[in-house]
Amino acid sequence: MVRADHTLVFSQEVPAASVSIGSTTVRRDLDEFGLRIGPADDPDPGQSAPATFGKVPGENVAFVDRHHMPLYLLLFRRNVEGFDLTTASDLETWEKGLTGRPGLGHFSAALVGDGIQLTRQPLSVHRPVNIRPGEYTFSYFLACRASWRNPSANGATSPLTTTPGRRTPTSRIGLKWRQHRPPAQRLRPRREFLARRRLAAL
């Protein structure tokens, strides 16, 4: 898992209708999802909202469509691999940092063409609003998870793909893969070591 920090700096007041942070596209074969909404969408503020899981529906059907940033979104192919986005602990900038007003964002996920489009906009309105001067940092965590049966360990591509023509003001982000070995493979060196000790004792 790696942390991504996107920092926007405005030296003066700027009118804008949309700001996109970390929007991207992932492979369409990640056909299941998990979602946990944020506090602003939680119907019971006294308790944490449970995660919901489901199958990614057909094309052009948004299975995530919210004005507030979810706490996390997981896309996965069962028993093979997954990709998840987790919001960092500071939700204030995502919620109302740019304008001082909450609920002006747009966060969605939908299967479109060859991939699942993830739209992450802390600001998305029909008419431009003024963004106050200042420095705004949007933080989240990225993770690609692979099981030991994952074919990508043999050279297949990562589930994260780039969206042509879309650029975001971000530092370089690296994705670290962890290849898990079967339990038998993890224990084999110790078994061989014990067997050699027994032979040496004879």
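The number of residues in segment 57-82 that are in a loop (DSSP other than H, G, I, E, B), within 15 Å of the chain's Cα centre (by Cα) and in contact (Cβ under 8 Å) with a residue 40 or more places away in the chain comes to 1.
Here Ala51 meets the list (1) of a type in the set (A, V, I, L, M); (2) closer than 25 Å to Ile131 by Cβ; (3) modelled with pLDDT under 90 almost entirely, failing just condition (2). If the condition is being farther than 28 Å from Gly100 by Cα and of a type in the set (Gly, Ala, Ser), then segment 53-71 contributes Gly54, Gly58.
Within the bounds of segment 87-109, is there any residue that is touching a residue at least 40 places away in the same chain (Cβ under 8 Å), surrounded by fewer than 17 Cβ atoms within 10 Å (Cβ to Cβ), in a strand (DSSP E or B) and among the β-branched types (Val, Ile, Thr)? Within segment 87-109 (the criterion being touching a residue at least 40 places away in the same chain (Cβ under 8 Å), surrounded by fewer than 17 Cβ atoms within 10 Å (Cβ to Cβ), in a strand (DSSP E or B) and among the β-branched types (Val, Ile, Thr)), the answer is no, since none of the residues qualifies. As for segment 123-134, it holds no residue that is buried (at least 18 other Cβ atoms within 10 Å of the Cβ), under 18 Å from Ala51 (Cα atoms) and in contact (Cβ under 8 Å) with a residue 40 or more places away in the chain. Just to be sure, is Ala110 among the hydrophobic types (A, V, I, L, M, F, W, C), modelled with pLDDT of 95 or more and on the phi < 0 side of the Ramachandran plot? Yes.
Every residue, every condition in (1) farther than 15 Å from Thr137 by Cα; (2) under 14 Å from the mean Cα position of the chain (by Cα), yes or no:
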site	(1), (2)
Val2	yes, yes
Leu8	no, no
Val14	yes, no
Ser18	yes, no
Pro39	yes, no
Lys55	yes, no
Asp84	yes, yes
Thr93	no, no
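Tell me, yes or no, whether segment 124-144 has at least one residue that is farther than 23 Å from Ala16 by Cβ, out of contact with any strand residue (DSSP E or B) (no Cβ under 6 Å at 6 or more places or on another chain) and at pLDDT 50 or above.
So far as segment 124-144 goes, no, none of its residues is farther than 23 Å from Ala16 by Cβ, out of contact with any strand residue (DSSP E or B) (no Cβ under 6 Å at 6 or more places or on another chain) and at pLDDT 50 or above.
Looking at the structure I just gave you, is Thr7 exposed (fewer than 15 other Cβ atoms within 10 Å of the Cβ), outside any loop (DSSP other than H, G, I, E, B) and either touching a residue at least 12 places away in the same chain (Cβ under 8 Å) or not acidic (Asp, Glu) (or both)? Yes: the conditions hold for Thr7.
The values are calculated or read from the model by the stated rules, or taken from the named source; none is laboratory data. What you see is a predicted model; the values in this text were computed from it and never measured. So basically every Cβ, Gly included, is an ideal-geometry build from the backbone, and we count neighbours across all protein chains shown.
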